[in-house]
Each structure stands twice: as C-alpha cells, then as structure tokens.
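The values are calculated or read from the model by the stated rules, or taken from the named source; none is laboratory data. In this text the structure is predicted, and so the values were computed from the model without any measurement. Here Cβ is always computed from backbone atoms with ideal geometry, including for glycine, and neighbour counts include all displayed protein chains.
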Amino acid sequence: MSLDSVSHAAATPEKDQPYEALGLKDNEYALIKEILGRRPTSGELAMYSVMWSEHCSYKSSKIHLRQFGAKVTPEMTKNLLVGMGENAGVVDVGEGWAVTFKIESHNHPSFIEPFQGAATGVGGIVRDIISMGARPVAVMDALRFGDLHHPDTARVAPGVVSGISFYGNCLGLPNIGGETWFDPIYQANPLVNALAVGVLRHEDLHLASATGAGNKVVLFGARTGGDGIGGASILASETFDEGGPTKRPAVQVGDPFAEKVLIECCLELFADKVVEGIQDLGAAGISCATSELAANGGSGMEISLDEVLLRDETLTAEEILMSESQERMMAIVAPEKLERFMAIIEKWEVEASVLGTVTDTGRLIIHWRGETIVDVDPATVAIDSPVYERPYHRPSWLDALQANTTDDLPRSTNREKVRGEILRVLASPSVANMEWITNQYDRYVLGNTALSFPDDGGMIRVDEESGLGVALATDANARFSYLDPYRGAQLALSEAYRNVAATGANPVAVSDCLNFGSPEDPEVMWQFVESVGGLADGCLELEVPVTGGNVSLYNQTGTTAIFPTPVVAVMGVIDTVERRLPSGWQDDGENLYLLGDTRAELDGSLWAQTLHDHLGGMPPIPDLPAEKALAGLMVAAARDGIVTSAHDVSTGGLLVTLAEGALRRGVGARVWVGEMMDTTGLDLTQILFSESVARMVVSVAREDDVKFQGLCRGRGVPVTRIGVTEMPSGALEIAEVGSFSLEELSRITRSTIPDALGPVVGYQPSR
C-alpha cells in the first residue's frame with residue numbers, strides 16, 4: 001500500500017478517515033479540508049487533531065483568557081520580559097537577573113498511571129523552563145486527591161507522590177512547596193499541577209521561534225518511541241467513562257537522568273550562543289514543535305521524518321508526529337554553528353539529528369520515505385485553531401446552594417465540646433501534617449533553598465552574593481469556587497498572594513492552572529468564565545500580571561465534574577533571603593498579633609465540612625485592598641527586622657494557624673480571644689474557625705512592639721494582641737478553651753495520612 005502522501009490525498013477525496021477517534025468534531029474536519037483545499041493526509045490529520053485539541057489550542061477558553069492581557073496597567077508590565085504565549089513567563093527581578101516560572105496540569109495521565117503521569121508532569125514543566133534559556137532551580141506541586149480512605153486513593157496518591165519525588169529528586173531539584181487536598185469530588189479525577197521555576201541573566205533569554213531561511217532544524221535528546229501517542233489530543237481532552245482507565249498508551253514514560261543531562265547540555269548550548277530558537281517537545285511532540293516554531297517565526301520549515309531517531313522502528317509517520325516521548329528538544333541552529341552545536345551534544349552524550357531546514361515559504365513540509373506527507377501553513381495548525389464561544393449559563397441549583405448557609409448549624413459553647421471539635425478539625429486530611437508527602441521530596445539540594453514546607457511559601461536564593469531571592473506559593477479552595485466561582489478565583493489569588501507576603505517577599509507575578517469539567521456543559525463553562533473574570537479583575541486590582549499558565553478541561557467522570565479548581569501560583573521578590581520570615585514562632589516571650597479583621601464567615605469552611613459535612617452559603621468576601629496593605633506591611637516589617645515569624649490565616653481559620661505556628665518549631669503559646677469576642681460580637685466558634693481573608697498571625701519581640709504597632713497604624717492594618725509565646729510550656733493554651741500539649745497536637749496531625757496510606761521510609765508518625 002502506498003503512503004498517504006499529499007498527492008494521494010488530493011487524488012482520493014472520498015477516503016474515510018478516523019477523525020472522530022482522534023478527537024475532532026465533524027465541523028473541525030470540514031474546516032481542515034477547507035483550509036487545505038483537499039482532504040488531509042493521515043499525517044496532517046494527526047497534526048491537526050493533536051494541535052486543535054483542547055489541551056493544546058485552548059479553543060474553548062482563549063476568548064476568555066484574553067482578559068489577562070487586556071486588564072493590565074503599566075505598573076503590571078514594567079518588569080515583564082516575556083508574558084503569555086511563550087513556554088513560560090519571564091520577570092525581571094533586579095540585578096540583571098530574571099526568573100521564569102509556570103504551573104501546568106498532568107491530571108488525566110496521573111489517574112491512569114499515577115507514577116509516570118506525575119513524573120512526566122514534572123519533566124514537562126522543567127523543559128518549559130529550560131526552553132526559555134533558564135536554569136531550573138526548584139519545583140512545586142498542587143495536588144488534589146479523592147477521599148483519603150477510598151481504596152483507589154491508596155493507588156493514586158502514593159503513586160503520584162512517588163512519581164514526583166523520583167523525578168524531581170533524580171533531577172536534583174528541590175521541591176519547596178505547594179499544597180495537597182483530599183476531597184471525594186476528585187476521586188476519579190486527581191489533579192496534579194506541577195510548577196517549575198528557573199533563573200537566568202537577561203541576555204540568556206531564548207524564545208520558541210524559527211527564523212532565518214537555511215537554518216537547521218535539530219531534534220536532540222531521547223529517541224522517539226510509542227509512549228504518549230495521542231496524549232494531548234485524546235487523553236487530556238476527553239472525560240473518563242465510569243468504567244475507568246482504558247487509554248494506557250497515552251501515558252508518557254520519563255527518564256529523569258536523561259533530562260538532567262539534557263538540562264546541562266542545553267545550558268552549555270545557550271552559553272555558547274549556538275542556538276537561534278528552541279522548543280521543548282511535550283504535548284503534541286514533533287507536531288507541536290515544528291508548527292509552533294515555524295508559526296512563531298513567521299517562516300516555513302522543511303523536514304524529513306526519516307531523520308528522527310527512533311527507539312521503535314515500527315512507528316508510522318503519524319505515530320512519530322503524535323508521540324509525546326519525553327526528554328526531547330528541538331533547536332534552530334545556524335549552519336555555521338552546527339559543528340559547534342554537535343560537538344557540545346557529543347560531549348554530553350546526547351543524541352541529535354538534523355531533520356531539515358527553516359525556509360521562507362511560509363509552509364511546513366514534512367517528508368517520509370520519499371513522499372511528502374504534510375504540506376500546511378503552520379499558523380493554521382499552531383495558532384489559527386477553531387475558537388468556540390461555548391454557551392454558558394448560571395447553574396439552576398446555585399441559588400439553593402448559596403441559600404443553605406451555616407447560620408443554623410449548631411455551634412458549641414461547652415469547653416470540652418469545643419476542645420473535641422478543635423482536635424477533629426486539626427486531624428482533617430487537608431490540614432493534617434503533610435510530612436508523609438513532603439519528606440519524600442528533597443527540599444535542600446543545590447543549597448539555595450531558604451524556605452520550604454511547611455512554611456507558607458517556598459523561597460529560593462537567586463544570587464549568592466547579594467542574597468536576592470524569590471518566593472512562591474500555590475493555592476486554591478475549590479469549595480469556595482463551587483459556591484461562587486468569581487469569588488473563589490479571587491480567594492485563591494489572595495491566599496497565594498498573602499502566603500508570599502508572609503515570607504517577607506513582595507508579590508509581583510502570577511501563573512495559573514485552571515482545572516474544570518467539560519466546557520460542553522454550559523454550567524461548567526459558566527464556572528470557568530466567572531473564574532477567569534474574577535482572577536483577571538483580582539490581578540488588575542493587586543497589579544500583578546498573569547505571565548502564563550495552563551487550562552485543564554474535561555476533568556470529570558461521566559456527568560460528574562470536579563469542583564472548579566483555579567490553582568493560582570504567585571511569585572514574589574525579596575532583596576535578601578536573610579530577611580525571610582518563617583511560618584512558626586521560634587523564641588520565648590514574644591507577643592503574638594492577629595493582623596486583619598475577623599468576620600462571621602463559616603460558609604464553605606473546614607469547620608463546616610469536618611464537623612457538619614456541610615457545603616453551602618457564600619464564601620468569604622475577598623478584600624484585595626486589605627491584602628495589598630497587609631503585603632506592604634509584611635515587606636516593610638521583614639525589611640526592618642521587626643517581625644520574627646508570620647503565618648497566614650486561611651483554611652481552618654485562626655485555630656489552624658495557631659496550631660501550625662506552635663508545632664513548626666515546638667514553641668508553645670498562651671492565647672486569649674475573649675477580647676476579640678467582646679469587640680466583634682462574634683462567638684468562640686466564629687473567632688476560632690472563621691476563614692475571613694487578609695489576616696495573618698505574627699510574632700514580635702517585645703522590644704519591637706511599639707515600632708510594630710506604629711507600622712500597622714501607619715499602613716491602616718488592624719492589629720490585635722492575642723497571645724505570647726511560652727517555650728517551656730510545651731503547650732498551646734487557649735484561655736477560653738483549655739490547654740493542648742504540643743505532643744498531643746503533633747500526634748493528632750501527624751497520624752492522619754499514614755494511618756490511611758501506610759508508613760513510608762523516613763516518616764514514622766509519633767503516637
């Protein structure tokens with residue numbers, strides 16, 4: 001049988017093609033034929049199917065994502081070197097340094113094969129960072145699993161965590177933070193959102209574009225195999241059936257040792273200035289790399305798939321184009337620099353092959369076995385995909401949900417009952433001690449980690465001489481977003497922003513990973529539209545730009561979608577990491593202050609979930625001006641050295657903050673909240689468990705009290721003295737409730753996860 005060449009396609013217009021199996025709709029297949037003036041070859045069909053997938057083209061979301069570029073001020077863009085549209089955003093952080101960071105999803109593969117799905121998620125985001133010309137310096141992850149006690153969680157959660165730890169630890173990159181939630185809504189749809197951050201000098205910046213006719217197109221790194229075929233087009237753009245995972249070939253397989261060599265090889269190629277443009281091969285593989293490089297450069301490209309180095313010689317041309325084999329990069333190299341390029345490649349024992357050349361024709365032409373199997377305008381593949389204005393409407397059930405508030409839920413006044421409720425909340429899986437997970441990660445390799453778990457944010461030293469550093473945090477409360485997606489997105493932003501500020505860093509930029517159900521469901525689409533609007537408006541008010549990110553749709557099983565989960569990552573800058581603030585108090589006799597206002601906001605709270613299995617009402621009201629004022633206060637307090645620790649108040653309210661602050665370094669405290677109850681009119685439950693925003697607990701040495709309170713007054717931040725640290729006590733005493741030994745609190749919080757998932761090496765919970 002002859003190949004399905006361009007000439008053969010033109011001569012056989014009636015040939016049936018399996019476009020539906022590749023995820024294309026009838027109208028999309030018709031549009032491809034209209035663009036080409038003929039039916040596509042099977043190779044072209046493969047390219048269009050994978051590049052027009054939801055995962056790659058953002059066809060249902062791009063019209064809404066444009067808000068991130070439209071709602072900006074000069075202040076937001078003044079330090080932005082690269083914004084949305086490239087592999088990762090790049091921000092000027094001063095002293096000639098720039099930082100690139102991005103968060104993206106690997107949800108569906110992680111359900112099917114948790115270890116490899118999560119591992120290759122780390123590998124993929126790291127290659128995005130490399131492709132900007134940066135050295136990767138750290139990773140983070142935002143994880144969502146199902147019910148902790150469900151049998152399948154014992155498969156998914158340990159597999160995901162081991163995959164992340166294996167790949168990251170082998171790369172030698174510290175894992176410095178993130179978050180983990182357990183909720184039944186994610187039972188068949190875990191979320192694995194991976195973030196990577198890299199540093200570079202301004203002059204080392206590289207972009208993904210192919211320019212200069214005659215320049216060579218070089219594929220280097222691992223050989224191309226059959227793993228990951230159709231991953232982006234089929235797997236990530238389709239809901240799971242109730243029957244469970246079936247598409248195992250779509251899961252990629254990673255080799256972190258190959259990636260580690262690839263990183264160093266790329267950095268030397270950049271240093272020697274032998275690369276004109278570069279693109280990583282992740283989702284959509286060669287289809288993506290060739291079409292995006294050519295389209296971004298406004299050029300053409302002519303290559304031969306016969307030159308692709310294969311580890312499976314039986315692969316068809318279509319499979320080669322769609323393969324998502326890991327640890328591969330594509331570079332554009334000037335002919336006069338090719339010899340030097342290959343010498344560096346050989347030095348690092350990385351395989352490479354020249355696939356073809358950049359042209360000025362504006363066409364992407366691909367040959368295989370003597371035939372032309374692709375002849376397209378690359379922009380039609382990579383840029384001009386269909387754009388859908390999906391119908392959307394407010395869910396009919398939302399009014400009833402929002403009306404079902406916590407007002408009528410019983411609130412205990414008995415000291416013993418409140419004490420028991422406190423212990424139950426602290427044992428909740430989403431606020432329990434996460435060392436079972438984080439102890440599997442290397443947090444300190446490379447020696448530049450300044451803060452990591454369980455501090456509010458991770459922090460990395462960028463410059464060893466000056467101490468310049470960056471802090472990062474990721475956050476999202478899907479329960480809040482389910483109740484009100486506009487507010488929920490702003491609450492995710494405000495919490496991540498606050499966590500960065502708690503480290504003493506100034507928040508400057510955002511990346512996001514927007515996880516939702518099917519966009520073909522008008523109610524899900526409404527959730528998405530509201531979330532994007534809320535996030536865009538919130539970033540505008542806080543004056544932090546969205547530098548890039550990822551949209552992950554079709555996260556549902558059957559007709560049951562996940563709660564909307566817009567994960568927001570915020571990056572901040574600190575002049576020197578020596579001024580960083582840990583999240584737990586460290587010394588005896590320091591005063592504890594609560595910053596911000598507490599309101600009666602228990603709807604959607606951990607208290608409501610844990611004690612009453614209740615979800616309804618309205619989430620807390622975002623207060624972005626207050627968040628901005630609080631962040632400014634914390635940056636100034638850290639700079640002047642008048643605060644010794646800081647911990648945000650969020651999930652679980654003041655109670656969880658106090659417990660975590662005491663357990664962080666084993667320093668007890670005596671706390672009183674009666675005065676707050678009198679001045680606010682709130683009851684004990686509301687004071688302890690409210691999840692009102694723009695709040696933080698800080699510790700201040702007594703000699704700095706006057707200066708600190710003056711700083712708060714000057715910046716208009718409410719401040720209330722609520723306690724004092726007592727190192728010898730070994731307890732957290734809440735005057736209105738009673739005393740909790742730190743040993744008891746540690747046992748309660750440390751046992752939750754290992755009791756369900758079993759012990760791991762290096763982590764034995766205290767009992």
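Assorted remarks:
- Residues satisfying the stated conditions in segment 545-571, i.e. within 14 Å of residue 107 (Cβ to Cβ), hydroxyl-bearing (Ser, Thr, Tyr) and assigned to a strand (DSSP E or B): 552, 557, 565
- Leading residue by the ranking (nearest to residue 202 (Cα to Cα)) among those in segment 255-283 that are in contact with an Asp or Glu (Cβ under 7 Å, 6 or more places away or on another chain) and in a loop (DSSP other than H, G, I, E, B): 282
- Residue match in segment 684-696 (condition: in a loop (DSSP other than H, G, I, E, B), more than 22 Å from residue 414 (Cα to Cα) and of a type in the set (Lys, Arg)): yes
- Being of a type outside the set (A, V, I, L, M) and at pLDDT below 65 is a condition met by at least one residue of segment 248-258.
- Single residue of segment 102-145 satisfying the filter (touching a Pro at 6+ places or on another chain (Cβ under 6 Å) and of a type in the set (A, V, I, L, M, F, W, C)) that is surrounded by the fewest Cβ atoms within 10 Å (Cβ to Cβ): 112
- Conditions (1) at pLDDT 95 or above; (2) farther than 26 Å from residue 496 by Cα; (3) in a helix (DSSP H, G or I); (4) not hydrophobic (A, V, I, L, M, F, W, C): number failed by residue 675: (1)
- Matching entry among 7, 110 (being touching a residue at least 40 places away in the same chain (Cβ under 8 Å), over 25 Å from residue 378 (Cβ atoms), in a helix (DSSP H, G or I) and of a type in the set (Gly, Ala, Ser)): 110
- Of all residue pairs spaced 6 or more apart or on separate chains, those with beta-carbon atoms under 8 Å, a first member in segment 38-49 that is closer than 10 Å to residue 318 by Cβ and surrounded by fewer than 24 Cβ atoms within 10 Å (Cβ to Cβ) and a second member that is of a type in the set (D, E, K, R) and at pLDDT below 95 are 42/4; 42/318; 45/318.
- Among residues of segment 55-68 being in contact with a strand residue (DSSP E or B) (Cβ under 8 Å, 6 or more places away or on another chain) and part of a helix (DSSP H, G or I), the one that is farthest from residue 509 (Cα to Cα) is 55.
- If you go through segment 591-602 and keep only what is in a loop (DSSP other than H, G, I, E, B) and touching an Asp or Glu at 6+ places or on another chain (Cβ under 9 Å), you end up with 596, 597, 600, 601, 602.
Matching residues to (1) under 26 Å from residue 142 (Cα atoms); (2) of a type outside the set (A, V, I, L, M, F, W, C):
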site	(1), (2)
570	yes, no
592	no, no
599	no, yes
624	yes, no
629	no, no
633	no, no
641	no, yes
656	yes, no
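- Residue in segment 729-737 that is buried (at least 22 other Cβ atoms within 10 Å of the Cβ), under 24 Å from residue 632 (Cα atoms) and not polar (S, T, N, Q) present: no
- Any hit, segment 445-452, residues being more than 23 Å from the chain's Cα centre (by Cα) and outside any strand (DSSP E or B): yes
- Per the conditions (1) more than 14 Å from residue 596 (Cα to Cα); (2) crowded, with 22+ Cβ neighbours inside 10 Å; (3) not acidic (Asp, Glu), the sole criterion not satisfied by residue 724 is (2).
- Being part of a helix (DSSP H, G or I) and of a type in the set (Val, Ile, Thr) is a property that holds for residue 706.
- Some residue of segment 305-323 being over 20 Å from residue 3 (Cα atoms), of a type in the set (S, T, N, Q) and either touching a residue at least 40 places away in the same chain (Cβ under 8 Å) or assigned to a helix (DSSP H, G or I) (or both): no
- Looking only at segment 336-384, and only at residues there that are assigned to a strand (DSSP E or B) and acidic (Asp, Glu), the one that is farthest from residue 62 (Cα to Cα): 371
- Only one of the numbered conditions (1) over 15 Å from residue 742 (Cβ atoms); (2) outside any loop (DSSP other than H, G, I, E, B); (3) of a type in the set (A, V, I, L, M); (4) touching a Phe, Trp or Tyr at 6+ places or on another chain (Cβ under 8 Å) is violated by residue 662, and that is (1).
- Condition met for residue 309 (closer than 13 Å to residue 223 by Cα, out of contact with any helix residue (DSSP H, G or I) (no Cβ under 9 Å at 6 or more places or on another chain) and modelled with pLDDT of 90 or more): yes
- For residue 153, the criteria (1) more than 15 Å from the chain's Cα centre (by Cα); (2) within 21 Å of residue 254 (Cβ to Cβ) hold in every case but one, which is (2).
Each row is one residue, and each column tells you yes or no for (1) touching a Gly at 6+ places or on another chain (Cβ under 8 Å); (2) surrounded by fewer than 19 Cβ atoms within 10 Å (Cβ to Cβ); (3) of a type in the set (Val, Ile, Thr); (4) under 20 Å from residue 583 (Cβ atoms).
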site: 649; (1), (2), (3), (4): yes, no, yes, yes
site: 653; (1), (2), (3), (4): no, no, no, yes
site: 656; (1), (2), (3), (4): no, no, yes, yes
site: 659; (1), (2), (3), (4): no, no, no, yes
site: 669; (1), (2), (3), (4): yes, no, no, yes
site: 673; (1), (2), (3), (4): no, no, yes, no
site: 683; (1), (2), (3), (4): no, yes, no, no
site: 692; (1), (2), (3), (4): yes, no, no, yes
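- Every residue from segment 157-178 that is over 18 Å from residue 260 (Cα atoms) and buried (at least 24 other Cβ atoms within 10 Å of the Cβ): 157, 160, 161, 176, 177, 178
- Selection from segment 71-101 of residues that are surrounded by fewer than 16 Cβ atoms within 10 Å (Cβ to Cβ), touching a helix residue (DSSP H, G or I) at 6+ places or on another chain (Cβ under 9 Å) and over 23 Å from residue 208 (Cα atoms): 73
- Flag if residue 380 is of a type in the set (S, T, N, Q), surrounded by 17 or more Cβ atoms within 10 Å (Cβ to Cβ) and either more than 22 Å from residue 50 (Cβ to Cβ) or touching a Phe, Trp or Tyr at 6+ places or on another chain (Cβ under 7 Å) (or both): no
- When restricted to residues that are touching a Lys or Arg at 6+ places or on another chain (Cβ under 9 Å) and β-branched (Val, Ile, Thr), segment 717-747 contains 5.
- Any hit, segment 572-582, residues being assigned to a strand (DSSP E or B), of a type outside the set (Val, Ile, Thr) and touching a residue at least 40 places away in the same chain (Cβ under 8 Å): yes
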